[in-house]
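Novice: One structure follows; several queries about it will come next.
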Amino acid sequence: MKKNMEHIPDYMVKLGYQFPTHWPNKKTEWDVDVKKVCVQASPIDAKVRFTYLEWNNGEKTIHSMKEAHEMIPEKLIHYYEERLQFV
């Protein structure tokens, strides 16, 4: 994934989110280890979206939507269902 920080809102950086360097690793159990999911569009291009993950170990990482769809599909569905509104 291209690590282009211009697409990351400043407040997410201030909250401690960063592109992964050492976590998650090959032993990470994504379905178990992910504590919180957030999806946001880039502040400069609404077509570019990233997934922000908070992990049980306190790490906060930024991932492509493709990676999130592959690694935590159920958690993404739950995230969207919580925000779904019927009119």
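Novice: Can you tell me how much longer the chain between Asn4 and Arg83 gets when fully stretched, taken as 0.36 nm per residue apart minus their C-alpha distance, in nm with one decimal?
Specialist: Working: separation 79, 0.36 × 79 = 28.44 nm, distance 2.74 nm.
Separation in residues times 0.36 nm, less the Cα-Cα distance, equals 25.7 nm.
Novice: Give me the percent of DSSP beta bridges within the chain that run antiparallel, rounded to the nearest 5. The partial results should precede the final answer.
Specialist: Details: 12 of 13 bridges.
The antiparallel proportion sits near 90 percent.
Novice: I would also like to ask the following. Once the piece of chain linking Phe19 and Lys47 is laid out straight, how much longer is it, given 0.36 nm per residue of separation minus the C-alpha distance between them?
Specialist: Working: separation 28, 0.36 × 28 = 10.08 nm, distance 1.91 nm.
This chain segment gains 8.2 nm when fully extended.
Novice: Starting from the Cα gyration tensor of the chain, multiply each eigenvalue by 5, take the square root, and state the resulting semi-axes largest first in whole Å.
Specialist: Working: eigenvalues 73, 67, 27 Å².
For the chain, the semi-axes come out at 19, 18, 12 Å.
Novice: If each DSSP helix of 4+ residues adds -39,500 (n - 2.57) and the sum is divided by the residues in the chain, what number results at 222 nm, nearest 500 deg cm²/dmol?
Specialist: Details: 4 runs with 27 residues, N = 87.
That comes out to -7500 deg cm²/dmol.
Novice: Provide the per-residue ³J(HN,Hα) series for the stretch 7-12, in order, calculated from phi with Karplus coefficients 6.51, -1.76, 1.60 and θ = phi - 60°, each as a whole number of Hz, with x at glycine and proline positions.
Specialist: Result, ordered by residue: 8, 9, x, 3, 5, 6 Hz.
Novice: Looking at Thr21, Leu53, Ile77, which one has the Cα that reaches farthest to the positive end of the dipole of the stretch 1-82 (charges on Cβ: Lys, Arg +1; Asp, Glu -1)?
Specialist: Thr21
Novice: Compute the accessible area per residue over the chain, keeping the other protein chains in place, probe 1.4 Å, unit Å².
Specialist: Values: 6110 Å² over 87 residues.
Per residue, the chain has an accessible area of 70 Å².
Novice: Compare the peptides 48-54, 22-28, 81-87, 69-75 by average per-residue count of other Cβ atoms within 10 angstrom and give them in order, highest first. Show your work: numbers first, answer last.
Specialist: Numbers: 48-54: 19.9, 22-28: 10.4, 81-87: 5.7, 69-75: 14.0.
Top to bottom by mean Cβ count within 10 Å: 48-54, 69-75, 22-28, 81-87.
Novice: What pairs in Lys26/Lys60; Lys14/Lys47; Lys14/Lys36; Lys26/Lys47; Lys36/Lys66 have C-alpha atoms more than 20 Å from each other?
Specialist: Numbers: Lys26/Lys60 17 Å; Lys14/Lys47 23 Å; Lys14/Lys36 17 Å; Lys26/Lys47 30 Å; Lys36/Lys66 17 Å.
Over 20 Å apart, Cα to Cα: Lys14/Lys47; Lys26/Lys47.
Novice: What percentage of the solvent-accessible surface of the stretch 1-82, computed with a 1.4 Å probe over protein heavy atoms, is contributed by carbon and sulfur atoms? Please list the in-between numbers first.
Specialist: On the way: 2790 of 5370 Å².
Answer for the stretch 1-82: carbon and sulfur cover 52 percent of the accessible area.
The values are calculated or read from the model by the stated rules, or taken from the named source; none is laboratory data. No experiment lies behind these values; they were computed from the predicted model shown. Because the Cβ atoms are built from the backbone with ideal geometry, glycine has one as well, and the counts that use them run over all protein chains shown. Each accessible area value is taken on the protein alone, full model and side chains, heavy atoms only, with ligands, DNA and RNA left out. Shrake-Rupley method; radii C 1.70, N 1.55, O 1.52, S 1.80 Å.
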